[in-house]
Amino acid sequence: MKNSFIIFFLMTIGICFQSCSDDDFPVPPASTVPSFTYTISNDEFAPATVTFTNTSIVPGTVGNATYYWNFGDGNSSTETSPTYIYNEAGVYVVNLVVTTSGSLEIKESSQTIVIKDPNATGTPIYFTDGTKVYQGLINTQAPIFTPINGLVAQTSYGMAMDTLNNKLYISDYGANKIFRANLDGSNFEEFRTNVDSPIGMAFDYEENQLYFNTSSGVQRSDLSSTDLSQVEDFVTGQANDPDGLAIDLVNRKLYWINYDGGVWSKNLDGTGETEIIPGVEGASIIVVGNRIYYDEYVASGDIRIKSANLDGTGITTIAVGVSRVVYGLAYDPYGEKLYWGDRRAYTMMRANLDGSDAEIYYQGTAGISGIVIGKRP
């Protein structure tokens, strides 16, 4: 009798649980999820064959699925996983639309495909989105940036280009490391480890040294040394968090800007350390001719690009309304243009050195930092 009661009780609980589950927590019907992957032949140079693999999720309950592909150049296909040849270089938005006969769903997914021009020439330009490094060319064509395979970082805000040795240096703030590689991404290696929060970097070619910031100063390293721990303190006791660095090779002087305030300078022989513009909060600085260019935090959503004489006088405003503190500021000497990144807007801007003719140069899908510009071939 006792066992019969227990069995009856358990069956009652089970029925109640099943009923409550069905009534109170209904399982939604499965839905179609369109998606695809692709591979590009010929190292992504035109003409290139793109092989699309349809990875859409189509539940059996929704009926038959029909696929419609738009390749972004006016051509289309209804194959499940098509192959398509792009004969012309460009940026193409590929769209996949999935329709179902039973559930009458219409779902779509898009991806951007970049086909490079094998004959394109121009000035090399690079930037990082924090984890990847992208390369492009400054010329008369619309800018196309592609990621460099093999160059990865944890949290990168800064880069520097050694134009004498064709090397790219990448500071990794999150990993406390500085990496370097050839401009095509090969020979990617650690340059220095256990560096305290590096961001900005600058080269002194005369002494074959790389300068870089820490959270409280500036250090330098011998470019020819393979010792991952070889560093020398150059500036210490900076409580306001140095970020951006620049070197005036003509006058042998280092400039840096503090994230929490102040633009400073110091002679490369170790003398003359001084704050030349008090109170400025920013993250990037470069030297162009006889002036410095830097960003200044004025208010949230209003960061400004400014310029000053090498001694900090004669300040002028180049641009206003940048959305976030700038970690990418560079100069193209061939086009005589200043470039900077607006991280929140995912844009790269450019203008003349006096701020005139400001325009969006490139619209991306992630924050833009660490802009560097190289030499024309």
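The values are calculated or read from the model by the stated rules, or taken from the named source; none is laboratory data. All values derive from a computational prediction rather than experimental measurement. Neighbour counts run over all protein chains shown; Cβ positions are idealised from the backbone, glycine included. Each accessible area value is taken on the protein alone, full model and side chains, heavy atoms only, with ligands, DNA and RNA left out. Shrake-Rupley method; radii C 1.70, N 1.55, O 1.52, S 1.80 Å.
Assorted remarks:
- Matching residues, the stretch 294-317, being assigned to a strand (DSSP E or B) and open to solvent by 20 Å² or more (accessible area, probe 1.4 Å): E296, Y297, V298, A299, D302, R304, K306, N309, T316, T317
- Enumeration of residues in the stretch 27-45 that are within 12 Å of P82 (Cα to Cα) and surrounded by 13 or more Cβ atoms within 10 Å (Cβ to Cβ): F36, Y38
- Any hit, the stretch 52-68, residues being among the aliphatic types (A, V, I, L, M) and within 24 Å of T365 (Cα to Cα): no
- Matching residues in the stretch 340-359 - criterion: being exposed (fewer than 13 other Cβ atoms within 10 Å of the Cβ) and under 18 Å from G122 (Cβ atoms): E359
- The condition of being basic (K, R) and within 30 Å of A246 (Cβ to Cβ) holds for only one of K116, K167, K107, that being K167.
- Of everything in the stretch 115-142 that is assigned to a strand (DSSP E or B) and open to solvent by 30 Å² or more (accessible area, probe 1.4 Å), the residue that is nearest to R350 (Cα to Cα) is L137.
- Taken over the stretch 82-101, residues that are more than 23 Å from the chain's Cα centre (by Cα) and modelled with pLDDT under 90 amount to 0.
- Subset of the stretch 251-273 [assigned to a loop (DSSP other than H, G, I, E, B), closer than 22 Å to M159 by Cα and over 28 Å from the mean Cα position of the chain (by Cα)]: R252, L268
- Scope the stretch 134-167; condition farther than 21 Å from A202 by Cα and either touching a Phe, Trp or Tyr at 6+ places or on another chain (Cβ under 6 Å) or of a type in the set (D, E) (or both); matching residues: G136, P143, F145, P147, G150
- Filter result for S229 (more than 21 Å from the chain's Cα centre (by Cα), crowded, with 20+ Cβ neighbours inside 10 Å, among the small types (G, A, S) and over 17 Å from F127 (Cα atoms)): no
- Those residues of the stretch 167-202 which are in contact (Cβ under 8 Å) with a residue 12 or more places away in the chain, part of a strand (DSSP E or B), open to solvent by 40 Å² or more (accessible area, probe 1.4 Å) and out of contact with any Ser or Thr (no Cβ under 9 Å at 6 or more places or on another chain), in sequence order: K167, E190
- Test set (1) under 24 Å from S215 (Cβ atoms); (2) outside any loop (DSSP other than H, G, I, E, B); (3) in contact (Cβ under 8 Å) with a residue 60 or more places away in the chain - G367 fails condition number: (2)
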